[in-house]
Every structure is written in structure tokens, then in C-alpha cells.
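What follows is a single structure, written as C-alpha cells, with notes after it.
The values are calculated or read from the model by the stated rules, or taken from the named source; none is laboratory data. This is a predicted model, so every value here is computed, not measured. Virtual Cβ from ideal backbone geometry, glycine too; neighbours counted across all protein chains shown.
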Amino acid sequence: MKLVYLDNAATTKPRQEVVEAILPFLAERYGNPSSIYGIAREARVALDEARGKVAKAINAHPEEIIFTGSGTEADNMAIKGVAYAHSKRGNHIITSQIEHHAVLDSVKRLKKRGFEVTFVPVDSYGMVDPADVEAAITSDTVLISIMHANNEVGTVQPIEDIAEIAKSHGVLFHTDAVQTTGHIPVDVKKLGVDLLSLSGHKFKGPKGIGALWVRKGVKMEKFIDGGGQERNRRGGTENVAGAVGLAVALELAEKEMESEMTRLTGFRDYLIKGIMESIPNVRLNGHPTRRLPGNASFCFEFIEGESVLLSLDKVGICGSSGSACTSGSLEPSHVLLAMGLPSEIAHGSLRLSLGHETTAEDIDYVLEMLPGIVSKLRAMSPFSAEISFDDACKCK
Ligand code: PLP
């Protein structure tokens, strides 16, 4: 059966070049970068080169890059590291209602430790209003954390504007750029942020490796105690193979970014138009234009996203309902609820995320299969006759 992989926001297929770059570091080049003999020095050089490539890709200095075990770890490290290092100055953190759980659960844990947290709202497109962020700042605010783009609905946030506000109030600003790095331009100087998280497996690198960029001079408490690795900011023998793979993937993604953005935006808009025209009672989630090139997210009235996914799987199409981390949960997505969707509509969500391997034939195949799947499921749905989309959807 044909396999159409449209879950690239959950993870991506590693490039062949990445696999080839990694393999020697899992085999003969196994030295510990902290040791002093030949194979160890080779590992150190490879790690330093990887750090240099990542820094170059985001317009940073190599010594500002901390390799982590994931995007989740980078988010945890940024938020808890900054909060604890500045707790004498203030105990207030600002974030948004639609962050990934790596951020949301980090600030919730801090809340249990006595920090105050403001969750700014979003509009019906999932967009944060910088004025809401500014209004939330108090003399106790030590950190703002707003994601660059949302993983479920793809909306790209006005990070530069929020960064200006943060700077004018002397507050540190972290952005979770896990969904944007390698996909749209990420330049830490242009964005104006102080800390930024990224993750290898979202741009065709390996899983289990991410990075946190911390602007020189930003004070952070050490998050993982142990050895003095990563300039004494993260203990633990480095994942050399992972770092090498992440750096190669990012370097290649940067090279192809412009053409990939154009290609995927074209496919995405073709897919969105096709679905909106061929299926009644469907809503596009997220901003119509300020969205990730590969993200197409919908809510279908009267049916469950999970049942659409299972039917798609039967015909070889991989998608997702909400984010990979929350699928399996029966709760509707916190992102869609924050955007003002009622829970019965939010339950019918489907995210199709396009990527490097996506072809025009893949999109045509989805457009051929999905309308039939939706109408078949609706025919079996006990809700079809009861709720009207317009009545149920009181969007903000
Ligand atoms: N932040 C965002 C916006 C994400 O989409 C994800 C992954 O889905 C993460 C953080 C977590 O990254 P990782 O899977 O590397 O832990």
C-alpha cells in the first residue's frame, strides 16, 4: 500500500546524509570528547564543528549553544534555569495559553514552587497580542516565554514585537523554536530573543538531541548537575553522534529552506483549498497566511479526529489529531480551546504536516480519500443532526 507520511510536525525522516554522518561516531570514532588521546580529540573536534554549524545557522556564537537531550529539555532548562537564577529579583513568568507542554508543565511546576505565572490568551487564529504581553509585565517579571510557531495549528507569533517589549522592560525572553528551526528563517539577532530552543528530529536530524541557545551574559542556574560539560552548563557525556547529525541536518535544511518554503506553501494551500471546497462543515485552524509552510490543521464537525486518523491509516495516510504528545489523550487540545473552539468541535481536529518527502501526488491522494472518509464517519455519527458548526463555534 502507498504510504503518505503527513506527520512531519511530530517527527521527520532522517536524511541519508545525516545517517551517514552519525554512523562513524557510533562505531570507530567512539572517543569521549573530554579525554585527551587521539580518538577523543576527534570526537571533540566533531562536537565543536557541530556547535559551530548550529551557531552559524541561527546567527549566534558557538559558545552560546548548549546541546541537550531534546527540545523538551531545552525548554525546561531555559525556563527553570532562568527562573531560579533570577528568583531574588522577582518571581513572575509570562507565557501563552498555547505553548507546548514542555513549556506549560515547566511553568506549572515553578508555580508549585512559589512563582506567579500569567498565561496570555490568543485570538481565534492562535495569535498572541504583544499588547497583552506588555500589560502582563510587573516589576517581578523575570521571564517571558512565547513559542515561535505553534506545533498544532502552525501560527507564527510576532516574536520580534514581543522581544522589543521584553527588552524595553528589562525582562528576559525565551522562544521555543522547535517547529520553526530548519523550516523558516530563525536568526536570534533579528528575533531579538535571549534564549531559544530547537530540536534535531523536527528537521530531519536524529531524535534525542536538541539545543538551547543562550545569549552571552544571560544568567542561568545549572539544570543538570554532574560533569563540567557544555561549559559547565549541562553535565553528562555529550551525545557526539546526535550533535553531528543535528548539525548536518540543520546545515542542509538551511541550504534548501527558501525553495522548500515555496514548494511546501504551494502544496499546503492546495491541500487547504481542496479540503475546504470538497468537505462541508470544516474549519481551518490557525492563521490563513502567518503559518508554517507545512502545517494544515482542520476541525471537522460531528466526528472525532481519532476516527478520521484511524480511517486515514487504513489507506496509508499518516496524520495526527492535535500534537503527537497529547494524542491518546481524550482531552480536546488546549490550543484549540484557547482559540475559542468549543470542545465538541475541537474533538474533530486533524493536523496534516507536510515535509521534505511530500509530493503533489501525496496531496492529490489525500484529496481523493478524505472526503469519502469524512462523509462515511458522519453518516455513522449520532451528533450529525444535533449541532450546527456556526452555533457551536463562538470563536474569540
Ligand atoms: N516544543 C514544540 C513546539 C514541539 O512541537 C515539540 C515537539 O513536538 C517540543 C517542544 C518537544 O521537542 P522534543 O520532541 O525534541 O522533546
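Taking PRO33 as meeting all but one of (1) closer than 30 Å to MET369 by Cα; (2) of a type outside the set (A, V, I, L, M, F, W, C); (3) buried (at least 18 other Cβ atoms within 10 Å of the Cβ), write down the number of the exception. Only one criterion is unmet by PRO33, namely (1).
Which ones in the range 62-83 are surrounded by fewer than 23 Cβ atoms within 10 Å (Cβ to Cβ), within 16 Å of the ligand (Cβ to nearest atom) and under 21 Å from GLY200 (Cα atoms)? It would help to see each step written out before you state the result.
Residues of the range 62-83 surrounded by fewer than 23 Cβ atoms within 10 Å (Cβ to Cβ): 62-64, 69-70, 72, 76, 80.
Filter once more, keeping what is within 16 Å of the ligand (Cβ to nearest atom): 69-70, 72, 76, 80.
Those that are surrounded by fewer than 23 Cβ atoms within 10 Å (Cβ to Cβ), within 16 Å of the ligand (Cβ to nearest atom) and under 21 Å from GLY200 (Cα atoms): GLY69, SER70, THR72, ASN76.
Of everything in the range 335-344 that is modelled with pLDDT of 95 or more and part of a helix (DSSP H, G or I), the residue that is farthest from the ligand (Cβ to nearest atom) is LEU337.
PRO14 passes every criterion in (1) assigned to a helix (DSSP H, G or I); (2) within 16 Å of the ligand (Cβ to nearest atom) apart from (1). Scanning the range 84-129 for residues that are crowded, with 19+ Cβ neighbours inside 10 Å and small (Gly, Ala, Ser), we see that the one that is nearest to the ligand (Cβ to nearest atom) is ALA102. In the range 314-334, the residue that is surrounded by the fewest Cβ atoms within 10 Å (Cβ to Cβ) out of those that are in a strand (DSSP E or B) and modelled with pLDDT under 95 is SER329.
As for the range 130-141, it holds no residue that is free of Cβ contacts under 8 Å to residues at least 60 places away in the same chain, within 16 Å of the ligand (Cβ to nearest atom), surrounded by 17 or more Cβ atoms within 10 Å (Cβ to Cβ) and under 22 Å from GLY170 (Cα atoms).
Close Cβ contacts (under 7 Å, 6 or more residues apart or on different chains) running from residues in the range 252-268 that are on the phi < 0 side of the Ramachandran plot and in contact (Cβ under 8 Å) with a residue 12 or more places away in the chain to residues that are surrounded by 16 or more Cβ atoms within 10 Å (Cβ to Cβ) and assigned to a helix (DSSP H, G or I) comprise ALA253/PHE203; GLU254/ALA57; PHE267/ILE363.
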